[in-house]
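FYI, it's all coordinate maths here, none of it is from the lab. Quick caveat, the model's predicted, so the values are computed rather than measured. Counting neighbours? That spans all protein chains shown, and the Cβs are built from the backbone with ideal geometry, glycine included.
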Amino acid sequence: MFSPLFFLTFLLPLFPVHADQAKSHTTNPDLNARLKTAATNFDRQALLPQDSDWYYDFEQHPNYNSAVGAVITADAASFPALTNLGISIALLKLAPCGMLPPHLHPRATNLVTAITGNTTTWMIGENGVKTVRVDLTPLRVTIFPRGSLHVMQNNDCEPALLISALNSDDSGTLNILPSLWSVPQDIIRAGFGDASINAEDLGKYIPEVGTGAIIGSMECQQRCGIVHGKE
Ligand SMILES: *[C@@H]1O[C@H](CO)[C@@H](O)[C@H](O)[C@H]1NC(C)=O
């Protein structure tokens with residue numbers, strides 16, 4: 001009575017494409033598990049029989065055309081053939097004046113190279129060390145050591161494209177501001193050293209992780225004549 005196609009169409013919304021989400025959606029956790037337990041590389045490769053198991057298309061990601069830019073990551077979650085290989089790669093698409101807000105990767109050192117644009121990066125390795133600023137112009141590469149806090153902004157009125165390599169197939173990302181606002185307000189006030197600030201107001205407009213990218217400084221937006229709504 002009902003064709004298999006009918007059921008497929010019906011079931012698809014139960015497996016939503018995680019648009020607007022920076023964390024890679026684990027496409028095939030069962031395959032990840034089998035790749036992790038394969039006895040040999042020979043057995044492992046038998047789990048990846050198709051040529052199409054061996055490539056990942058950044059432009060197929062639902063966030064690829066996001067107006068605020070996006071971080072699109074090929075890692076064990078989105079590209080299972082990377083399981084246990086200790087590496088992942090992300091395409092960083094920054095909108096005009098776009099930025100990646102302050103974040104760190106708990107499990108990977110990160111090398112970022114610019115393909116196009118002029119993106120300023122800041123990196124802080126630990127308390128007391130110098131904040132390193134690098135203008136990433138095309139084909140210049142910089143290092144964000146594992147756990148270092150970093151932030152970047154596209155200075156240009158054009159989109160910028162960068163490639164980010166990470167030495168983990170599951171690097172993880174921690175955005176500092178939204179995560180800080182998950183602790184109680186009086187703890188945040190104490191952290192700021194000022195019990196009188198209104199932490200709720202202060203945190204009201206912190207962008208969610210979203211696509212991983214946001215729109216950057218007012219200075220840049222004004223210089224570029226861009227008016228962005230609240231995303
Ligand atoms: C990149 O942008 C920065 C900040 O606006 C600027 O100081 C620097 O001169 C630019 N670099 C190039 C090569 O345009």
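If R0 is taken as 41 Å, the Cβ-Cβ distance between residue 39 and residue 111 corresponds to a FRET efficiency of 0.80. Counting every C-alpha pair in the chain, the share spaced more than 24 angstrom apart comes to 53%. Across the range 103-231, the relative contact order, built from alpha-carbon pairs under 8 Å that are at least six residues apart, equals 27 percent. Under 5 Å between amide hydrogens, built in the peptide plane, is the criterion, and for residue 136 it picks out 119, 120, 121 among residues at least 5 positions away or on other chains.
Dividing the helix sum by the residues of the chain, where each DSSP H run of 4 or more adds -39500 (n - 2.57), gives a mean residue ellipticity at 222 nm of -5000 deg cm²/dmol. Annotation: amide H-H contacts under 5 Å for residue 210 (H modelled 1.01 Å from N, sequence separation of 5 or more, or interchain): 22. Note on residue 46 and residue 196: the extension gain reaches 47.8 nm, defined as 0.36 nm multiplied by sequence separation minus the Cα-Cα distance.
Take 135-145, 203-213 and order them by the average number of nearby Cβ atoms within 10 Å per residue, most first; the result is 203-213, 135-145. Its Kirkwood hydrodynamic radius, worked out from the mean inverse distance over all distinct Cα pairs, puts the range 124-231 at 16.9 Å. Once C-alpha pairs closer than 8 Å and six or more residues apart are averaged by separation and normalised to the residue number of the chain, the relative contact order reads 23 percent.
What is the log10 of I(q)/I(0) for the range 92-172, computed with the Debye formula using one identical point scatterer on each Cα and no solvent, at q = 0.19 Å⁻¹? Each listed q maps to, in turn, -0.76.
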